[in-house]
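Q: Below is a structure I'd like to ask you about.
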Amino acid sequence: MHIKSAVLDSLAYVSPPTAWSSALVEEKLRPLYERLKLPEGRLELMTGIKERRFWDHDIRPSEASAEAGRKAIAQSGLDASQIEVCIHSSVSRDMLEPATASFAHRLMGLGEDVQVFDVSNACLGFLNSVNMLSAMIDSGQVKAGIVVSGENGKPLLEHTIKLLLERDLTRKTIKPFFANLTIGAGAVAAVVCHESLSPNGHRLLGSVCMTDTSSNHLCQGDSSSAAGGLEMQTDSEEMLHAGVALAGKTWEKFKTTFDWDNETADKVVCHQVGSAHQRLLFDSLGLDHAKDYSSYQEFGNTGSAALPITLARADEVGFVKKGDKVAMLGIGSGLNCLMMAAEW
């Protein structure tokens with residue numbers, strides 16, 4: 001899909017105030033570590049994640065999303081009254097019904113003529129939403145909208161720690177829960193609009209998508225009434241290789257679609273999983289590691305918010321500069337892959 005007239009007007013994120021180091025997570029799991037004789041430091045060593053961040057209080061995803069949304073609107077050249085669409089795109093949601101977007105919309109103080117809905121697609125939801133909103137702008141349906149995501153992995157991490165301490169698990173049977181220990185929290189929002197409303201906006205060039213639903217069993221999460229909380233189990237090794245294989249196919253399609261090669265992108269921003277994923281992805285696609293900007297070291301995996309938070313931070317510190325061609329490489333369980341091109 002080529003994007004003709006949509007631009008990214010502003011991108012803002014919220015960093016939760018409290019850091020949970022990987023050492024702290026392991027301290028909470030000390031009885032398990034001692035029983036299974038697991039070496040201290042293995043969590044950071046295997047993932048490269050030094051810490052993940054959480055809010056100090058119970059927070060709904062819509063509250064986090066709305067905070068990022070208000071920040072993005074304030075940073076944009078638009079007034080809140082110009083927003084015509086509000087899409088909530090995170091894995092985390094307030095409840096099954098109504099749409100979490102309806103709560104975020106109210107908290108942001110948006111108007112009554114705004115289209116409000118959720119987009120759910122694991123870690124790919126934010127990019128999917130930007131893609132969808134861009135198509136709505138290109139087709140003339142709307143002139144401007146906002147995509148928000150508020151991810152809070154603290155309940156999942158706390159519940160996982162509880163399960164690991166309560167169940168009689170072995171080194172082998174703890175593996176499906178390991179990915180849960182990398183999950184963090186954060187919020188992000190993007191104002192996307194027609195280029196006529198933001199002449200200096202970051203141009204969205206387009207995207208390509210591919211899917212491999214034969215791998216949809218590799219990472220599955222759901223509420224568990226029996227266990228009394230959210231559970232997620234992941235075959236991390238198989239997920240890593242299947243995800244990178246799908247990314248490889250998508251990258252080839254991406255280069256053909258936009259007439260790019262491996263040197264065209266000045267900067268590359270990926271979904272943030274950990275060091276092993278980042279290394280294998282760049283090596284497999286033949287990309288220069290110097291073009292990468294990462295945030296997993298201090299945020300962990302923040303689901304749909306991971307890639308856009310990383311892009312916002314890359315812009316904030318000047319890693320991404322005006323005129324740069326940026327490749328956004330998104331991968332989500334399912335498996336789904338969406339890669340988007342932009343010119344900063």
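The values are calculated or read from the model by the stated rules, or taken from the named source; none is laboratory data. Please read all numbers here as calculations on a predicted model, not as lab measurements. With ideal geometry, Cβ positions are generated from the backbone for all residues, glycine too; neighbour counts draw on all protein chains shown. In case anyone asks, the SASA skips ligands and DNA or RNA and just uses the protein heavy atoms, side chains included. Shrake-Rupley method; radii C 1.70, N 1.55, O 1.52, S 1.80 Å.
Q: Give, in whole angstrom and from largest to smallest, the semi-axes √(5λ) of the equivalent ellipsoid of region 13-121, with λ running over the eigenvalues of the Cα gyration tensor.
A: Listed largest to smallest, the semi-axes of region 13-121 are 38, 15, 11 Å.
Q: How much accessible area per residue does region 17-56 have, in Å², with a 1.4 Å probe? Each step should come with its number before you reach the end.
A: Numbers: 2160 Å² over 40 residues.
Dividing the accessible area of region 17-56 by its residue count gives 54 Å².
Q: Another question, if that's okay. For a protection proxy built on the mean count of beta-carbon atoms within 10 angstrom, sort 3-14, 109-120 highest first, please.
A: Going from most to least packed, we get 3-14, 109-120.
Q: Separate question: What net charge do the residues around residue 5 carry, taking every other residue with its C-beta under 15 Å from that of residue 5, with Lys and Arg at +1 and Asp and Glu at -1?
A: Local charge sum for residue 5: -2.
Q: Can you give the FRET efficiency for residue 139 and residue 288, using 1/(1 + (r/R0)^6), R0 = 30 Å, r = Cβ-Cβ distance, to the nearest 0.05?
A: 0.25
Q: Also, I was wondering about something else. How far is helix 236-258 tilted off the main Cα axis of the chain, in degrees rounded to 10, range 0 to 90?
A: 20 degrees
Q: Now for a different question. Would you please classify the overall shape of region 270-344 from the alpha carbon gyration tensor, given that a ≥ b ≥ c denote the square roots of the eigenvalues, rounded means a/c under 1.5, and beyond that prolate means a/b larger than b/c while oblate covers the rest?
A: It is rounded, given that a/c, with a ≥ b ≥ c, falls under 1.5.
Q: Ok, one more. For a Förster distance of 25 Å, can you work out the FRET efficiency between the beta-carbons of residue 113 and residue 58, rounded to the nearest 0.05?
A: Approximately 0.20, to the nearest 0.05.
Q: Distance between Cα centroids, region 1-42 to region 81-144: provide it in whole Å.
A: Region 1-42 and region 81-144 have Cα centres spaced 25 Å from each other.
Q: Hey, any idea what % of the chain's accessible area is carbon plus sulfur with a 1.4 Å probe? Present the calculation step by step, with values, prior to reporting the outcome.
A: Numbers: 7350 of 14630 Å².
Looking at the chain in its full context, I get 50 percent from C and S.
Q: Something else: Please sort 255-261, 153-159 by packing, taking for each peptide the average over its residues of neighbouring beta carbons within 10 angstrom, highest first.
A: Values: 255-261: 13.4, 153-159: 20.1.
Highest-to-lowest ranking by the protection proxy: 153-159, 255-261.
Q: Which ³J(HN,Hα) values, rounded to whole Hz and listed in residue order, are derived for region 58-71 from phi using the Karplus coefficients 6.51, -1.76 and 1.60 in 6.51 cos²θ - 1.76 cosθ + 1.60 with θ = phi - 60°, glycine and proline given as x?
A: So the Karplus estimates, Gly and Pro as x, are 5, 9, 7, x, 5, 5, 5, 4, 5, 4, 5, x, 4, 5 Hz.
Q: Turning to a different aspect of this structure: Among residues other than residue 216 whose Cβ falls under 15 Å from its Cβ, what is the net charge (Lys/Arg +1, Asp/Glu -1)?
A: Residues close to residue 216 contribute a combined charge of -4.
Q: Something else now. Would you mind working out the accessible area per residue for region 163-221, using a 1.4 Å probe, and quoting it in Å²?
A: 46 Å²
Q: All other residues with a Cβ under 12 Å from the Cβ of residue 331 taken together, and with Lys, Arg as +1 and Asp, Glu as -1, what is their net charge?
A: For residues surrounding residue 331, the net value is 0.
Q: Turning to a different aspect of this structure: Per residue of region 324-339, what does 6.51 cos²θ - 1.76 cosθ + 1.60 with θ = phi - 60° give for ³J(HN,Hα)? Whole Hz please, x for Gly and Pro, Karplus curve as stated.
A: Each residue's phi maps through the Karplus curve to give 5, 8, 10, 9, 9, 10, x, 9, x, 4, x, 8, 9, 9, 9, 10 Hz.
Q: While we're here: Between residue 1 and residue 262, what length in nm is gained on full extension when 0.36 nm per residue of separation is reduced by their alpha carbon distance?
A: Length gained between residue 1 and residue 262: 92.0 nm.
Q: If I model a spin label as a point 7 Å beyond the Cα along the Cα-Cβ vector, how far apart are those points for residue 275 and residue 23 in nm?
A: For residue 275 paired with residue 23, the spin-label model returns 1.6 nm.
Q: Whole-Hz ³J(HN,Hα) for each residue in region 273-278, computed from phi via Karplus 6.51 cos²θ - 1.76 cosθ + 1.60 with θ = phi - 60°, x for glycine and proline: what do you get?
A: Along region 273-278, the couplings run 10, x, 5, 5, 5, 4 Hz.
Q: Next question. Classify region 171-266 from the C-alpha gyration tensor, please: rounded if a/c falls under 1.5, else prolate or oblate depending on whether a/b exceeds b/c.
A: Oblate.
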